[in-house]
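S.K.: Attaching a single structure in structure tokens format; questions to follow.
The values are calculated or read from the model by the stated rules, or taken from the named source; none is laboratory data. Since the structure is predicted, the reported quantities are computational estimates derived from the model, not experimental observations. Neighbour counts are summed over all protein chains in view; Cβ atoms, including those assigned to glycine, are modelled from backbone coordinates with ideal geometry.
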Amino acid sequence: MSHADIDPARPPARRLGCVALLTDESGHVLMVNPTYKPGWILPGGGARAGERIADAAARELLEETGLVRTFTHYLTLDQVPASADGTSAEGLNVVCDGGVLTPAEARALRVPVGAAAELSACSLISPRDLSWYAKPYQERRIYQALQALERGNELPLLELGDPTGPAPVR
């Protein structure tokens, strides 16, 4: 198959979303409430040019919750079409496995001061209550990620075939 229809100097614009699924010991899901759109979402955001998925997920989680994680596996990959109104590009959302919060982490959850303009709250949400908080596609994404986790279907995040770990020191 030829790739002559893709200009290597101007590849298609796609957004790469890197979000984190973290739960507490009871299985409640960590979610954030953005100020810029309705509905609660998993913490995360877009990767910057050249940024590894693992690093983008870790950066966004830290910015939005103050939590520190090293991401090595993902649970789901969700393709998202461009919005009909042209306000968002097509993209992929990688749901990374952030593990289980310690009881101390769960008690200390709050939106960091630096994220207060972007987020109004962060909270642990019971999976059975997701429909009250999240848009339907977000709810489906989270359920799929939780099911993958239950089945042990974590997939490694790779960079040029090597498993990701802590970012290399430069």
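S.K.: How many residues, within segment 110-130, are over 25 Å from Ser26 (Cβ atoms) and exposed (fewer than 13 other Cβ atoms within 10 Å of the Cβ)?
M.R.: Of the residues in that region, 4 qualify.
S.K.: Out of (1) loosely packed, with under 13 Cβ neighbours inside 10 Å; (2) more than 20 Å from Leu61 (Cα to Cα), the odd one out for Ala148 is which?
M.R.: Checking Ala148 against (1) loosely packed, with under 13 Cβ neighbours inside 10 Å; (2) more than 20 Å from Leu61 (Cα to Cα), the one that fails is (1).
S.K.: All but one of (1) within 23 Å of Arg151 (Cβ to Cβ); (2) in contact (Cβ under 8 Å) with a residue 40 or more places away in the chain; (3) of a type outside the set (S, T, N, Q); (4) out of contact with any Asp or Glu (no Cβ under 6 Å at 6 or more places or on another chain) hold for Tyr36; state the number of the condition that does not hold.
M.R.: (1)
S.K.: Which one is farthest from Leu101 (Cα to Cα), of the residues in segment 14-51 that are charged (D, E, K, R) and modelled with pLDDT of 95 or more? Break it down stepwise before answering.
M.R.: Going through segment 14-51, the residues charged (D, E, K, R) turn out to be 14-15, 24-25, 37, 48, 51.
Restricting the remaining residues to those that are modelled with pLDDT of 95 or more gives 24-25.
Details: Asp24: 5, Glu25: 7 Å.
Among those residues, the one meeting the criterion is Glu25.
S.K.: Right, next: Which of (1) aliphatic (A, V, I, L, M); (2) modelled with pLDDT of 95 or more; (3) more than 16 Å from Pro34 (Cβ to Cβ); (4) touching a Phe, Trp or Tyr at 6+ places or on another chain (Cβ under 6 Å) does Ile125 not meet, given it meets every other one?
M.R.: (3)
S.K.: Check segment 105-119 and report whether any residue there is at positive phi and under 17 Å from the mean Cα position of the chain (by Cα).
M.R.: No - not one qualifying residue is present in segment 105-119.
S.K.: Identify, please: which residue in segment 60-97 is closer than 17 Å to Leu146 by Cα and not hydrophobic (A, V, I, L, M, F, W, C) and is, among those, surrounded by the most Cβ atoms within 10 Å (Cβ to Cβ)?
M.R.: Selected residue: Tyr74.
S.K.: Being surrounded by fewer than 14 Cβ atoms within 10 Å (Cβ to Cβ) and either modelled with pLDDT of 95 or more or under 20 Å from Leu77 (Cβ atoms) (or both): is that true of Pro103 here?
M.R.: Working: surrounded by fewer than 14 Cβ atoms within 10 Å (Cβ to Cβ): yes; either modelled with pLDDT of 95 or more or under 20 Å from Leu77 (Cβ atoms) (or both): yes.
Taking the combined requirement at face value, the residue satisfies it.
S.K.: I need a count of the residues in segment 23-59 that are among the small types (Gly, Ala, Ser), surrounded by fewer than 17 Cβ atoms within 10 Å (Cβ to Cβ) and within 14 Å of Gln138 (Cα to Cα).
M.R.: Summing the residues that are among the small types (Gly, Ala, Ser), surrounded by fewer than 17 Cβ atoms within 10 Å (Cβ to Cβ) and within 14 Å of Gln138 (Cα to Cα) in segment 23-59 gives 1.
S.K.: Kindly establish whether Ala167 is at pLDDT 95 or above, surrounded by 12 or more Cβ atoms within 10 Å (Cβ to Cβ) and not basic (Lys, Arg).
M.R.: no
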